[in-house]
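Notes to accompany the following structure.
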Amino acid sequence: KVGRDALFPSRDVLRREMDDLMAKTPKGREPISSNFGDFVFDDLIHQPTPRLFSSHLFGKKLLPKRLFDGWVEQRDGTIATGPPSRGQRGKGRLIVVVRNLKDTLTSLHFFRGEPKDGWDGNEHGPGSFRRFIDLEDCPNAYGDSFHWIKASAEAVEAVGSDRVLVVYYEALKANVRAQLRRINDFLGLPPLTDAKSRAIADACSASKMRSETGGRFKYAIRKGSVGDWVNYLNDERWKELDQVFDDSLGGIDLAEPLRFFQQKEIPGMPLIPWQDCDLETDRRTWSPYLCVSLREGMVVPDPDIVHTNNAIKRILSSTFRLMSFSSKTP
């Protein structure tokens with residue numbers, strides 16, 4: 001449920017596009033209705049209240065204007081936006097589902113079959129990897145995923161925490177029933193029974209969706225697993241993606257939990273078991289560790305830790321003192 005009447009900027013334009021699509025049956029391809037059933041635009045806008053819309057649209061420019069504070073209905077029925085302090089208060093609720101970008105890249109690579117230009121590119125094109133990290137001219141649908149997260153983070157902040165729920169795909173896979181309860185409570189629905197929770201989890205499984213999806217779209221549903229990215233590319237490529245992540249998304253609250261699903265191993269672990277260490281063990285040779293904390297059940301960098309080139313300073317909130325630790329000390 002993301003608003004009552006303003007799912008798209010122009011209903012009439014989309015209505016015409018949907019009608020055209022439903023009327024066309026391209027040679028050698030199934031009719032649109034065989035993939036999406038008989039669901040048409042009129043069904044979409046005439047859902048009973050409360051209505052639920054699922055979309056790839058993101059950010060303040062593409063999401064319904066009535067979702068944000070400051071919207072005003074014009075005389076011609078269109079919606080304009082202004083400063084949040086003016087106009088109407090935002091309506092509806094927003095649920096944002098986010099997935100770690102390395103699994104996202106892997107899923108896109110295999111989407112409806114491997115591309116001719118492979119991972120790293122050839123005479124057919126730049127390859128999946130280069131397309132994915134191209135922040136200037138990414139040709140992927142809806143643009144680059146880094147911009148998607150940044151724009152979504154701005155929308156989340158604009159709507160406000162009381163009307164936004166962020167669901168991380170990895171947390172959903174780890175404990176689907178717990179996440180279903182979060183969604184249920186957020187929407188203010190009656191308590192979710194165990195039977196209904198199991199039924200929803202089964203209906204949303206990759207195998208179930210694959211078996212019930214018709215036409216060519218059944219091939220678009222892949223594994224839906226977490227961490228499959230480790231089976232592809234090499235460490236050099238993944239480090240390059242990590243750098244793009246840090247440069248474009250570092251410090252953004254929506255993005256920070258993703259970095260811990262984008263690591264092959266826990267940083268700062270000793271090179272040898274603790275019991276094998278002695279006075280001759282030089283722990284300065286071990287990789288730096290990263291101090292973390294929990295935020296709403298997700299692991300994020302500790303906000304009270306300031307990482308610098310030469311030291312890690314922990315801010316002690318009780319005394320406001322600073323303590324310095326060598327960045328090589330685990």
So who's got an amide H within less than 5 Å of the one on VAL292, skipping anything under 5 residues away but keeping other chains? H placed 1.01 Å off N, in plane.
-> ASP302
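Identify the GluC sites (Glu not before Pro) of the stretch 104-211 meeting these criteria: DSSP loop state and at most 16 other C-beta atoms within 10 Å of the C-beta. Intermediate values should be presented prior to the final figure.
Numbers: sites: GLU123, GLU136, GLU154, GLU157, GLU170; in loops: GLU123, GLU136.
Of the GluC sites (Glu not before Pro), the ones in loops of the stretch 104-211 whose Cβ has at most 16 other Cβ atoms within 10 Å are GLU123, GLU136.
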Report, by chain and number, residues whose modeled amide H sits under 5 Å from the one on LYS91, excluding near sequence neighbours (fewer than 5 apart, same chain).
-> LEU67, PHE68
Could you give the length gained on full extension between GLU236 and ASP276, defined as 0.36 nm per residue of separation minus the Cα-Cα distance, in nm?
-> 11.3 nm
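Tell me the volume per residue, in Å³, of the convex hull enclosing the alpha carbons of the stretch 113-168. Walk me through the numbers before you get to the answer.
Numbers: hull volume 5.7 nm³, N = 56.
It is 101 Å³ per residue.
I need the trypsin sites (Lys or Arg not before Pro) found in the stretch 41-128, filtered to DSSP loop residues with at most 14 other beta carbons within 10 Å of theirs. All intermediate terms of the calculation are to be shown ahead of the outcome.
Values: sites: ARG51, LYS60, LYS61, LYS65, ARG66, ARG75, ARG86, ARG89, LYS91, ARG93, ARG99, LYS102, ARG112, LYS116; in loops: ARG51, ARG75, ARG86, ARG89, LYS91, ARG93, ARG99, ARG112, LYS116.
Sparse-neighbourhood loop trypsin sites (Lys or Arg not before Pro): ARG75, ARG86, ARG89, ARG112, LYS116.
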Just how far, in whole angstrom, is the stretch 130-153 from the stretch 45-66 if you go by their alpha carbon centroids?
-> 21
Long-range amide H partners of VAL164, meaning residues 5 or more apart or on another chain whose placed amide H is closer than 5 Å, are LEU94
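So what are the stretch 106-239's ellipsoid semi-axes, whole angstrom, largest first, if each one is the square root of 5 times an eigenvalue of the alpha-carbon gyration tensor?
On the way: eigenvalues 204, 90, 37 Å².
The answer is 32, 21, 14 Å, longest axis first.
Each value in this text was obtained by applying a stated rule to the coordinates, not by laboratory testing. Keep in mind that what you see is a predicted model, and the values were worked out from it rather than measured. Please note: Cβ atoms are built from the backbone with ideal geometry, for glycine as well, and neighbour counts cover all protein chains shown.
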